[in-house]
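Here is the structure we will look at.
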Amino acid sequence: MITRRALLSLLAPPPAACTVAIRVPDGAVLRCDDPVRARAEWAPPGSALKPLTWMNLPRRVPARCTTPFFVGSRRLDCTHVPILTKVDGEVALAASCNSWFAEMARNLDPRVFQHKLLQYGARARLATRVEDLQLQALGLEGVEFTVLGLAKAYLQVVASPDPILRSGLERAVTEGTGQLAALANLQVAGKTGTTSEGSWFAGFAPARQPKVIVVAHTRLGHGATDAAPAAREIFEWWQRSASSR
């Protein structure tokens, strides 16, 4: 979908990241590099919301990825390589397909979705138009998280028994925009996010039997090239800490 070499070629001096690691399953904070920012700074999560959106979709059926792609007046073309066949739910997660998620979001009940986002710890508005609901489902407008809040919300992701969700997030790290969060000897799963207000990576490890959730946020940059490597450093720290006990 996107090569590690291509991601590395885009790297520049990274913006400062706010990172947090929490323990699965109780959510105890293991590390928090900027406690004030992690607990008090709110920002839209972008595509890092997609696993939570995915869990609430009443329908997950194959759909074509269209380019150019607009939600209202906003152009939101996907960054993955062109997919000529219909996209299913697993590929939509792995490739972070905006077109698929926006199409599936049409089936959401706005009030129910807002309620679920609030339960996850977000600040969320009630979407009053289809376009607002689609942008909310994509994590771009009408929803905000703190870094610690998103980490806590991902406890719901790791608790999901759905193998498609887990597989899609594994592939997002092995094949998609999360590749710079990957470690050779630790299977990481997760999702990047990029908005005009910064970048995110939210994920967990080991992918099949999660023990830690890591979230990284930067005020600038891109999820693939800034937040993902910041998260990788925290996964490395956790792995060293776990092996020393």
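Hey, quick one: spin label on D26, modelled 7 Å out along Cα-Cβ, who in the stretch 149-168 has an amide N within reach, i.e. under 17 Å?
Within reach of a label on D26: 152, 155.
With each label point set 7 Å from Cα along the Cα-Cβ vector, what nm distance links W237 and R59?
For the pair W237/R59, the computed spacing is 4.5 nm.
Using label points projected 7 Å from each Cα along Cα→Cβ, tell me how many nm separate I164 and S244, to one decimal.
4.3
So what is the orientation-averaged projected area of the chain, using the convex hull of its C-alpha atoms, in nm²?
Mean projected area of the Cα convex hull: 12.2 nm².
Of V91, A124, W42, which is farthest along the charge dipole of the chain in the positive direction, counting Lys and Arg as +1 and Asp and Glu as -1 at C-beta?
Towards the positive end, the residue furthest out is V91.
Which ³J(HN,Hα) values in Hz, rounded to whole numbers, follow from the phi angles of the stretch 53-59 under the Karplus curve 6.51 cos²θ - 1.76 cosθ + 1.60, where θ = phi - 60° and Gly and Pro get x?
In residue order, the calculated couplings are 4, 4, 5, 9, 6, x, 9 Hz.
Counting other beta carbons within 10 Å of each residue's own, what order do H80, H115 fall into, fewest first?
H115, H80
In nm, to one decimal, how far is the A40 label point from the L220 one, both placed 7 Å along Cα→Cβ?
Calculated label separation equals 2.3 nm.
If each DSSP helix of 4+ residues adds -39,500 (n - 2.57) and the sum is divided by the residues in the chain, what number results at 222 nm, nearest 500 deg cm²/dmol?
-11000 deg cm²/dmol, from helical runs alone.
What residue among I83, I213, I234 has the largest mean-square fluctuation in a Gaussian network model of the chain, using Cα springs under 10 Å?
Answer for the Gaussian network model of the chain: I83.
As a footprinting exposure proxy, order M55, M104 by other Cβ within 10 Å, with the fewest listed first.
The fewest-first ordering by Cβ neighbours comes to M55, M104.
Hey, got the dipole for the chain? About the Cα centre, +1 on K and R Cβ, -1 on D and E Cβ, debye to the nearest 20?
About 300 debye.
Evaluate 2.2 N^0.38 Å with N set to the residue count of the stretch 25-72, then give the Cα radius of gyration divided by it.
Rg over 2.2 N^0.38 Å, computed on Cα atoms: 1.76.
Just so you know, all these numbers are worked out from the coordinates, no wet-lab data involved. From a predicted model like this one, the values you see are computed outputs, not experimental measurements. Methodologically, a virtual Cβ is constructed for each residue, glycine included, from the backbone with ideal geometry; neighbour enumeration extends over all protein chains shown.
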